[in-house]
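What follows draws every value from the coordinates through simple rules; no lab data is involved. Here the structure is a predicted model, which means the values were calculated and not measured. No Cβ is skipped: glycine too gets one built from the backbone with ideal geometry, and neighbour counts run over all protein chains shown.
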Amino acid sequence: MKRRNFLQKAALGTVGITALGATASPGLSAPKRETIEEPTTSPSLPVVIATWDVKGATKKAWQSLQEGSSALDAVIAGCGVEEANAEGQSVGIGGLPDREGRVTLDACVMNEKGDYGAVLCMQNIMHPIAVAKKVMEDTPHVILAGIGAEEFAVSQGFKRENLLTEQSKIAWENWKKTAQYKPIINIENHDTIGMLAVDKNGIISGGCTTSGLAYKMAGRVGDSAIVGSGLFVDNEIGAATATGLGEEVLKTVGSYLIVELMRQGKSPQQACEQAILRIIEKTPNFEDFQVGYIAVNKKGETGAYSIHEGFVTTTYQDEKNTAITPDFYNKK
Ligand code: GLY
């Protein structure tokens with residue numbers, strides 16, 4: 001699966017329309033554009049939504065829900081499909097390594113009770129999202145990092161294995177030939193999988209898994225495993241998750257912001273758009289990086305928005321599994 005090359009467009013879900021020169025939304029100072037929501041579907045449950053074109057992953061989550069799994073276990077099963085995909089270079093096995101050639105993974109889960117578990121910078125374990133659930137359920141902590149996370153995973157029966165595939169090793173070796181050992185921040189090198197599920201009874205859970213920024217500094221952790229940034233779930237309201245440059249999501253606590261905006265009455269689409277505008281306002285160099293958000297509310301309405309073109313989301317709803325390119329901010 002080559003998500004980076006995939007720019008499929010299809011008509012499903014809620015689509016934002018961009019109005020040039022409009023006034024700022026309340027609480028936001030002078031964004032250059034304001035987006036106006038145009039709903040195109042009525043919501044239904046259950047629903048699964050994920051970042052990127054991951055129809056195999058959303059199908060797995062949907063099937064898990066049909067078979068009676070919890071929303072949390074559906075998300076873990078769905079994300080696990082991508083973590084096990086050695087061709088994908090963004091999560092699990094095959095993830096692009098840090099600048100020293102080590103594949104380090106971050107993941108978290110959050111359930112309808114507000115319970116949260118995460119692993120940061122963990123090596124050698126293919127399914128960090130499943131380990132994150134174990135941290136949540138079987139330890140007195142919410143985050144385990146590094147060797148502690150790896151040793152905990154092994155103690156729970158997870159297998160240690162080499163996650164650096166030949167393809168990713170070659171990509172890293174090629175990068176080293178020209179690299180100036182600066183973190184390269186562009187819109188191509190991070191495709192985190194965030195997934196949100198609402199079951200037929202409106203129970204909401206989410207998960208987020210990543211190998212982080214390609215060729216990052218050793219020890220770097222992004223947003224994906226940090227509660228409120230890469231993922232937030234509030235079963236009364238809805239959930240949100242992020243992909244893209246984690247540093248910017250962390251600084252604006254993006255997923256929590258989206259859920260709080262939904263609490264204040266915004267639709268998932270409007271909330272995602274405002275969270276992107278928050279980054280735009282605070283970051284003059286937004287041309288240089290990508291961030292994309294997805295969100296869902298308790299009714300099953302979904303939203304998605306990104307800074308630049310190229311972001312893709314997959315939604316499984318009404319028996320249809322569809323990838324779309326959502327609307328985005330930076331229209332030339
Ligand atoms: N969003 C993934 C990362 O920045 O690590």
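Apply the Karplus parameterisation 6.51 cos²θ - 1.76 cosθ + 1.60, with θ equal to phi minus 60°, to every residue of the range 231-240 and state each ³J(HN,Hα) to the nearest whole Hz, in sequence, with x for glycine and proline.
Once rounded to whole Hz, the list reads 7, 8, 10, 10, 4, 6, 10, x, 8, 8.
List, in order, the whole-Hz ³J(HN,Hα) value for each residue of the range 83-98 obtained from phi through the Karplus relation with A = 6.51, B = -1.76, C = 1.60 and θ = phi - 60°; use x for Gly and Pro.
4, 8, 7, 5, 6, x, 10, 10, 9, x, 5, x, x, 5, x, 6
I need the peptides 129-139, 289-299 ranked by packing, meaning the mean over residues of other C-beta atoms within 10 angstrom, with the highest value on top.
With the highest mean Cβ count within 10 Å placed first, the list reads 289-299, 129-139.
Can you sort Phe232, Phe328 from fewest to most other Cβ atoms within 10 Å of each residue's own Cβ?
Fewest to most other Cβ atoms nearby, the residues stand as Phe328, Phe232.
Taking θ as phi - 60°, what are the ³J(HN,Hα) couplings along the range 320-332 by the Karplus curve (6.51, -1.76, 1.60), each to the nearest whole Hz, with x for Gly and Pro?
10, 10, 10, 9, 9, 9, x, 5, 8, 7, 8, 7, 7
If each of Gln156 and Ala218 carries a label point 7 Å out from its Cα toward its Cβ, how far apart are those two points in nm?
According to this spin-label approximation, the distance is 2.6 nm.
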